[in-house]
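Remarks on the structure that follows.
The values are calculated or read from the model by the stated rules, or taken from the named source; none is laboratory data. It should be emphasised that the depicted structure is a prediction, and the values quoted were computed from it without experimental measurement. Glycine gets a Cβ as well: all are built from the backbone with ideal geometry, and neighbour counts include every protein chain shown.
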Amino acid sequence: MTANGRGRGERGTVLIVEDDEGLAYLIRSSLEEDGFGCELAATGEGAMRRLREASPDLMILDYSLPDMNGMELVTTLLSGALQLPPYVMITGREDTRLAVSIMRQGARDYLVKDVEFLDRLPSVVMRVKKEADTERRLKSAEKALRESEAKLAKAQQLARMGSWEWNPQTGEFSCSDGIGHLLGISPLRMNSITVERLSQFVHPADYEQVRETVEAFKVAGKPFDIECRIVCEDGTELVVNGQGEIEPQADGGAALFYGTLLDITERKRAESVIQQLAYYDTLTGLPNRTLCQDRLRQAIAQAHRERRLVGVLFLDLDRFKSVNDTLGHLYGDRVLKMVADRLCRVVRESDTVARLGGDEFVVILTAVNHTDDINEMAGRILADLAVPLQLDANELFTTGSIGVAIYPMDGDDEQTLMKNADIAMYKAKELDKNNYQFFCKEMNVKIVERLMLEASLRRALARSEFSLVYQPQIDINTGSIIAMEALIRWCHPDLGVMLPDTFISVAEETGLILPIGEWVLRTACAQNKAWQDAGYVKLRVAVNISARQFKQKELLRTVAAVLDETGLEPKFLELELTESTVMTDALEAAHTLRKLKGMGIFLAIDDFGTGYSSLSYLKHFAMDRLKIDRSFVHDIATNADDSAIAEAIIAMGHSLNLRVVAEGVESKSQLEFLRERNCDEIQGYLLGRPLSREACTDMLRAESCSQV
């Protein structure tokens, strides 16, 4: 692969050092969607050539390269004249010791090129880029601070420092021109300056503190070192450092008071910048995670002393990703700022609003007397968020989901309270969003169960714990088998056989549905080809395609590769998709479906009747079959509404020259009803339960023999 690239993106430039050309281009496509410009290199030498030409914002570095490994390249860069950008190391092997070694050498992250790699990479790159930008700003601020401190050594020469003397015996007081320059007083007027006149420049808010310090200095004779604000002749406000010393007499009294006044405004400003970067969110100006945890720690300590409550509200905006996807990240940032402003307006001054990152906010309610107060505040926040936001010509409706944890009932430290509020927020998301939920212990149990299920699911493929069963789809008039639907089962080592309803949603959320779905497709196609090679009747195998599978860019390539590997003709494969899957992005879905249809594959809409169910969209999709959802078939012979819906679907399908399949047929009355309405095919326990591969083989053998 030759080194090439596409220039700088709005979010910066990433140098991708990867010798696998296909993976490199997938990484580039993924990052370019998030606004990054990408440069490519296939070798260590190629990476160094790129770094000589320009300095990227960060680098994605493959550990295994043709001419050197990633750590050798890093060592070379560190010992040479080229600057090493922040980098993320990627590798094809999961090796803990290697990961530790790489992170110790300075990598910002370490990613294994597994099935979730491309899904995780953009968020990792965004985080590393943000961290690197923050570090650069911190270094800039620290440099400014160092420069300010260097200026202190030259303060006299730069006229930002002055000296004074005061004789307590005679009352004589004198100042250097430096103090006059600092305060904006002309040299002529400085001749008549007095202690009283000088004190008038002290900021009113700091005056009493300065007066007490100077009085103690005069009486006790102890040196002082104080910082205060002064208001110059022209109204400019400065921060100064005042120091005082005493020159003693032989008898121990004070012969002379003397000292300096130094302008430290720039130093304080630099310190403020560092403080802001370290503890505040750069986008909204709200406290960040670090300061949020500190504030919560203080609130808990105060509540413990006063025997009061602390409320922790974990807020996540609903469907915020769609704002970024449709309007762009700049609009998304504006939305976050407006939400931050609204939250600050709703809560009390004593409360804290923080942004943890992304669209996650935390509100800490301090000194609470009753849970009703927390309940009321959560409702007020949701009501305020529901007021539309005005973004130029766009009126945007926002909602949020809030999880609530309360000290001391739900935890007595900041980590536990934050975790439990987060868990409650996810429960609010599950309950149709735009609501708030208080944490309860049962939520923790469910989270643990889900994590255990996810961990087991990640191991299931490697341990060959999945299997397929096949349910026949039968021609309602001839009784012949025309297709087999492949249905996945998980043979869990502890829980036994698990149906897809118990684990597919977790697979979807974690991204594991992609490798699992590909395994189902390959296994089903290989089995169908094996049946055909054995001389059994040729029929289609139907495979369900999830929403996440359908949206992935590699779907067409994956399907084509599976057909090629297994040798199954495309006309003997049917892909089943739900209405919601194809309607998420109807134009893109229609394009993908036409390409699949062009390959010769059969296509079916599954669970028809539960979603859009409209002719206006069906006619644009290259479908072959409609499957009536089992929820309408169950009471089809006794429920007037279900029977009317089923009749309408059959008529709709036939008007578009589609064959109609009824799912969940379990009784003769259902069968007769469907036959009378000219339904084409049926699937259900009445004529065929899901069968193992062996049982299905026996059935097909008998079917083939009966046709001889």
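Condition (residue is in a strand (DSSP E or B), at pLDDT below 90 and surrounded by 17 or more Cβ atoms within 10 Å (Cβ to Cβ)) applied to segment 206-213: is it met by at least one residue? Within segment 206-213, not a single residue is in a strand (DSSP E or B), at pLDDT below 90 and surrounded by 17 or more Cβ atoms within 10 Å (Cβ to Cβ). Among the candidates Asp384, Asp412, Asp432, the residue that is closer than 15 Å to Val310 by Cα and surrounded by fewer than 16 Cβ atoms within 10 Å (Cβ to Cβ) is uniquely Asp412.
Residue selection: Leu256 satisfies the criterion of being at pLDDT below 85, in contact with an Asp or Glu (Cβ under 7 Å, 6 or more places away or on another chain) and aliphatic (A, V, I, L, M).
Only residues that are assigned to a strand (DSSP E or B) and touching an Asp or Glu at 6+ places or on another chain (Cβ under 6 Å) were counted in segment 523-563, giving 3.
When Ala354 is tested against (1) assigned to a strand (DSSP E or B); (2) closer than 19 Å to Lys433 by Cβ; (3) in contact with a helix residue (DSSP H, G or I) (Cβ under 6 Å, 6 or more places away or on another chain), just one condition goes unmet, and that condition is (2).
Within segment 357-393, the set of residues being closer than 16 Å to Tyr280 by Cα and either in contact with a strand residue (DSSP E or B) (Cβ under 7 Å, 6 or more places away or on another chain) or part of a strand (DSSP E or B) (or both) comprises Gly357, Asp359, Glu360, Phe361, Val362, Val363, Ile364. Pairs linking a residue in segment 577-593 that is closer than 22 Å to Arg557 by Cβ and assigned by TED's automatic domain parsing to the domain that holds Met623 to a residue that is at pLDDT 75 or above and assigned to a loop (DSSP other than H, G, I, E, B), with Cβ atoms under 7 Å and 6 or more positions apart or on different chains, are Leu577/Ile545; Val582/Phe621; Ala590/Phe621; Leu593/Phe621; Leu593/Ala622. Looking at Leu121 and the list (1) at pLDDT 85 or above; (2) touching a strand residue (DSSP E or B) at 6+ places or on another chain (Cβ under 9 Å); (3) within 21 Å of Met48 (Cα to Cα), which single condition is not satisfied? Here Leu121 clears every test but (3). Criterion applied to Tyr331, Tyr280 was being in contact with a helix residue (DSSP H, G or I) (Cβ under 9 Å, 6 or more places away or on another chain), over 23 Å from Asn435 (Cβ atoms) and without any contact (Cβ under 8 Å) to a residue 12 or more places away in the chain, and the one residue passing it is Tyr280. Restricted to strands (runs of 3 or more DSSP E) entirely inside segment 1-86, those with at least 1 residues that are among the hydroxyl-bearing types (Ser, Thr, Tyr) and at pLDDT 90 or above are 13-17.
Taken over segment 564-582, the criterion of being exposed (fewer than 15 other Cβ atoms within 10 Å of the Cβ) and not in a loop (DSSP other than H, G, I, E, B) is satisfied by Asp564, Glu565, Lys571, Ser580.
Yes/no matrix, rows are residues, columns are (1) part of a helix (DSSP H, G or I); (2) at pLDDT 90 or above; (3) among the charged types (D, E, K, R); (4) touching a Gly at 6+ places or on another chain (Cβ under 7 Å):
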{"site": "Gln471", "(1), (2), (3), (4)": "no, yes, no, yes"}
{"site": "Gly479", "(1), (2), (3), (4)": "no, no, no, no"}
{"site": "Trp490", "(1), (2), (3), (4)": "no, yes, no, no"}
{"site": "Val497", "(1), (2), (3), (4)": "no, yes, no, no"}
{"site": "Asp501", "(1), (2), (3), (4)": "yes, no, yes, no"}
{"site": "Val506", "(1), (2), (3), (4)": "yes, no, no, no"}
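Return the residue satisfying two criteria in turn: it lies in segment 19-73 and is closer than 22 Å to Met103 by Cβ and hydroxyl-bearing (Ser, Thr, Tyr), and of such residues it is nearest to the chain's Cα centre (by Cα). Here the answer is Tyr63. Quick one: would you say Arg307 is surrounded by fewer than 18 Cβ atoms within 10 Å (Cβ to Cβ), in contact with a helix residue (DSSP H, G or I) (Cβ under 8 Å, 6 or more places away or on another chain) and among the charged types (D, E, K, R)? In short, no.
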